[in-house]
Structures are given as C-alpha cells and as structure tokens.
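Okay, handing you the structure first.
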Amino acid sequence: MSFFLSPLAALGAAFLNMLAALGRISIYAFSTLRHVFKRPFYLRELGIAILNVGWLSLPVVGLTAVFTGGALALQIYAGGARFNAEAVVPQIVAIGMVRELGPVLVGLMIAARVTSSIAAEIATMKVTEQIDALVTLSTHPMQYLTVPRVLAGLICVPVLVGIGDVIGILGGYLVATGTLGFNSSTYLINTFDFLEPRDVFSSLAKGAVFGTIATLMGCYYGMNSGRGAQGVGAATKGSVEAAAILILAANFVLTGVFFSL
Amino acid sequence: MITLSQVKKSFGNNHVLQGVDLEIARGKSMVIIGGSGTGKSVALKSVLGLVTPDGGTITVDGQDAATAERDAFLARFGMLFQGGALFDSLPVWQNVAFRLMRGALKRPKEEAREIAIEKLRRVGLKPDVADRLPAELSGGMQKRVGLARAIAAEPEIIFFDEPTTGLDPIMSGVINDLIREIVVEMGATAMTITHDMTSVRAIADNVAMLHDGVIQWTGPVADMDSAGDPYLDQFIHGRADGPIEAVR
C-alpha cells in the first residue's frame, strides 16, 4: 500500500511546500507595499535601480524584440500561405508582439538579467553581513534595498515593453519589406490601423506586473538566501525560476482578464 | 549597563544559548571568549535584535531591547563586523559616513565627508583612501574602515565581532591598540567576541567565557590566569586535553 501512497505523499508535500512559499512571498510583497509609504525614501537608490533595471536592459530587450519580430513575420507568412492569407502578416505581427510576445519576452529577459542580478547581489550582501550592517546603521533593508528595486521594476519594465513592442514590429517590418515583398507604406498603415489603444494598454499593464514580479523575486530570494557560495547560487537560481513561472502564470491570468473586457 | 538574563536561543535541535546571564558595566570593555560555534555571535546579535532570542530578557540601561524604539535604540550602537561588512557599491568615505548621510543624524554631504576623513585618520588611514572602493583595500585596511564606520556617529556602545580574525600578528596588534584607545578615549561600553587570547589581554577589562550555552566563567581579565576554572584554563592555554571536547 505504501508503495502506491508514497508518490502521492511526495506530491502532496511538494504542493504544501509550494503553497507555503507562495504565502511567504505574499507576506513579503505586502511588507514591501507597506514600506513604499514609509520614510525615509531613498531617491538615490531608486535612481541607481532605474539605471540598472531600465537603461542597461535596453540592448538585450531591443535585440530580443527585433529577432522575434522578424521570425514572427516569417512564420506568419509561411503559415498564412497555406490558406492564401499572407497579407495578414502586418496585423498578426503587430497584435502578436504588442499583446503577447512583447510583454512576455521582455518579462522573461528581465527575469534572466535583472532578477538574477538582484538576487545574487542581495544574497552576497546577506552572506557578508552587509544586511546586518544596514540594520545596525538604523537603515531598514526593506526600504533601502527592496523598495527602490521593486519601484524601478514597476516604472521601467512597462517602458521597456513599449520599446520592445515598437522594435519587434520594426523587426517584422524589415523582414516583410526586405525579403517577403511587402510594400513599406501599406505595411505600416495596416499595422497602425489594426492596433487598438486597449492592445497597447494591456501590453504596458502586463509590463508593470511582470516588472514588479521580477524585481520582487530577486529581492525575496536574495534576502532569504542560505549561507556561503552555495546559498547565493541557490538563491539566484530559485529567483529566476520563480520569476519566470510567476510571469507566465500572471500572463495567462491577465490575458484572460483583458480578453473578457 | 547591558544585562542579559536567562537568554536562550535554539536553531532546530541545536540549543546554542541555554540561559546566558551576563552584565556589562557602563564604560567597561567586556570580551566574550569561547570555542567556535558556542554562540558568541548569537549572543552579540541578540542584543542588537539581529537574532530574536527564544527566551530571557536583554536590557540596555534598563530599557528592554525587545520593546525599545528601534531607531533610537540602534543609534546608541556601533559595530565592527568580522569581515568588515563594508558596502561594496559605496566608496570608503560613504561607508564611514553612512549613518551621517541619512536618517536622524543626517548632515550636509561635505560635513559628513569631513567627519569620515577625520575618523579614517583616527584609525590610521590616509585621506586618499576615502574615494576608493572597499574591494581595492587589503583585509587590514577594510577592518580599519569598519572600525571608522563603527565610531563615526560616536556611539555609547561598540560591539566588535572577531576584530582580528584573518589578520597578521602585527595588524592584529594595531587593531587591538586602536580598539583599546578608542574605547578609553570615547568612554564607550564595549563588547567584543574573539578567541584570540592576545586580543583578550589587550582589549578586556572583564572576560566572560561561553561554553555549552551558558557563561562558564566571568571576571576581571587580571583574574583570568588564576581563576582555577578547568574550562577557562584549557581554553586560554589552547590545550587539546581537558573538559572541553576538541571534536565538536
């Protein structure tokens, strides 16, 4: 009997662990929100975080978007050709990039680049007692480390998503006009006529949620890292995994919400 | 006066502190000695609230550490961490003046920098160190910067966590002399944890030995050699044979 029950017990334990982790992350998120409104506010730290999360992520976001937009145009052209619908390339590239691929890919790239960096930095600070030093210097780590980074994610990632959407559409445009024989002005007219304001709004809203998730996971896993190099490594890995999964889950939920509007 | 009364702390099945009773008189330098893993750091961090004790009380001048207003309470303390715990991203002078650049003790930037340079000079570092990053300094210099940061806001109480660990004997002597001079000069209450007996003799007014989660012996440093406590005797002479098991 135990032979049959032990896999179920392991599955149950894993599920309970996941619920407990979600609970701890929720408590951390509420604590972060509470500290946003507390003083002092570390403006300089916010500026540095905006530079790291936003400005320095532009190259990776731009390159990801341009290649994805180009590949999307090729795929839609090839797929559309099966039922004589090649002409829909501009519309599908626009809606695909803006409503789905732009926010998700930017979110995942931010999880890879920013979440890992935040988790490793804060975990190293914890291992080397810098977090304890902050406390003894009457500085709350939540206000000094977490709040500026999460606010930077909330502010910068929607902007990055907007830029990623534009560059992704540009990638599709370059491929379509350069190799697939589309007329330049017709392509642009079809793109902008087809997009609606709510498409852009949903894209930017997803960016804000994904940016918050990505930075929050970096801070949470960094603050809760184990000891030594192994602890820093585990925190970094865990933060990226959690951020990626939560971003994809949030994307599903948000897509459902916007779909129903 | 800092008073620890029946302070207990466990991590799972590891009962680190099992009822620590200790008094540190105002203006005196108390050194806590004991083997690795005996809970010296936990006792020190419990006073600062970095570790929450499972039981017992800790008071500072009669004020309960658990219920005191955190910012005002912590403003009375300075701490030198074992590895320095300097903030990598900030230049040396901003590390030293960290407390003077934010919060209740905030000063204008130029004034904070001047104080930082003066404190660096006090610990034997030249002003040109001020604009370097911590990673550009040697271990001994980082300890001195940590010491400068601990004294920058002229605290009433200073904690030193293994101040000479990882330093050569000469640099250890320099740090020990600095600690003693600064504590006497500032009239601060000091609590140091170490297992370096040279440091103990250089820094301490009083010594307490932590073993098996309790204070095994405490008294003036001058009485340490003649105390007759077998645990203390084994520890200060570094003998493998005795009541303290060498393999823990």
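Please treat every number below as a calculation from the coordinates, not as lab data. All figures in this text were calculated on a predicted structure; none of them were measured in a lab. In this analysis, Cβ positions are derived from the backbone assuming ideal geometry, glycine residues included, and neighbour counts consider all displayed protein chains.
Can you compute the radius of gyration and Dmax for chain A, using only the Cα atoms, both in Å?
Cα radius of gyration and Dmax of chain A are 21.4, 70 Å respectively.
Okay, moving on. Could you go through the stretch A:154-169 in sequence order and give the Karplus-derived ³J(HN,Hα) for each residue, using 6.51 cos²θ - 1.76 cosθ + 1.60 with θ = phi - 60°, rounded to whole Hz, and x for Gly and Pro?
The phi angles translate into 5, 7, 7, 5, x, 5, 4, 4, x, 5, x, 4, 5, 5, x, 5 Hz.
Additional query: Hey, got the average number of other protein chain Cβ atoms within 10 angstrom for residues in A:124-133?
For this peptide, the per-residue mean of nearby foreign Cβ atoms is 6.
From a point 7 Å beyond the Cα of B:Ser138 in the direction of its Cβ, which residues of the stretch B:163-179 have a backbone N at a distance under 16 Å?
Counting only backbone N, you get B:164-176.
Which of the three applies to the stretch B:122-161, rounded, prolate or oblate, going by the alpha-carbon gyration tensor with a ≥ b ≥ c and a/c under 1.5 meaning rounded?
Prolate, because a/c is 1.5 or more and a/b exceeds b/c.
What relative contact order, as a whole-number percentage, does chain B give when Cα pairs under 8 Å and 6 or more residues apart are counted?
Here the relative contact order equals 25 percent.
If I model a spin label at B:His237 and A:Phe67 as a point 7 Å from the Cα along the Cα→Cβ vector, what separation in nanometres do I get?
Going from the B:His237 label point to the A:Phe67 one covers 7.0 nm.
Still on this structure, I have one more. Mind checking which aspartates and glutamates have their Cα closer than 15 Å to the Cα of A:Lys237? Skip sequence neighbours fewer than 8 apart in that chain.
A:Glu121
Give me the percent of Cα-Cα pairs in the protein assembly as shown that sit more than 36 Å apart, rounded to a whole number.
46 percent
Using the Karplus equation 6.51 cos²θ - 1.76 cosθ + 1.60 (θ = phi - 60°), what ³J(HN,Hα) coupling, rounded to whole Hz, does each residue of the stretch B:36-53 give in order, writing x for Gly and Pro?
Karplus values, whole Hz, x for Gly and Pro: 5, x, 8, x, 5, 5, 5, 4, 5, 5, 5, 4, 7, x, 6, 10, 9, x.
Another question, if that's okay. What's the average, rounded to a whole number, of partner chain beta-carbon atoms within 10 Å of each residue's beta-carbon in A:136-146?
5
Past 24 Å, Cα to Cα: identify those pairs from B:Lys40/B:Lys126; B:Lys45/B:Lys143; A:Lys126/B:Lys45; A:Lys38/B:Lys119, in the order given.
Those over the limit are B:Lys40/B:Lys126; A:Lys38/B:Lys119.
Ok, one more. Can you give the FRET efficiency for B:Asp229 and B:Thr67, using 1/(1 + (r/R0)^6), R0 = 30 Å, r = Cβ-Cβ distance, to the nearest 0.05?
Step by step, r from the Cβ atoms, then E = 0.30.
Compare the peptides A:126-133, A:91-98, A:40-47 by average per-residue count of other Cβ atoms within 10 angstrom and give them in order, highest first.
A:91-98, A:126-133, A:40-47
Report the label-to-label distance for A:Leu22 and A:Ala78 in nanometres (one decimal), using points 7 Å from each Cα along the Cα→Cβ vector.
Those two pseudo-labels are separated by 3.8 nm.
How far is it, in nm, from the label point at A:Phe41 to the one at B:Glu185 when both lie 7 Å from their Cα along the line to the Cβ?
The modelled label-to-label distance comes out at 4.0 nm.
Using θ = phi - 60° and the Karplus form 6.51 cos²θ - 1.76 cosθ + 1.60, what ³J(HN,Hα) does each residue of the stretch B:88-94 get, whole Hz, x for Gly and Pro?
Those phi angles translate into 4, 7, 10, x, 3, 5, 6 Hz.
Related question: What is the average number of partner chain Cβ atoms found within 10 Å of a Cβ in B:68-75?
Per-residue shielding by partner chains comes out at 2.
What does chain B give for Rg and for Dmax, in Å, if only its C-alpha atoms count?
18.2, 58
To continue, here is another question. Taking amide H atoms as placed 1.01 Å from N in the peptide plane, list the residues 5 or more away in sequence, or in a different chain, whose amide H sits under 5 Å from that of B:Gly55.
B:Lys8
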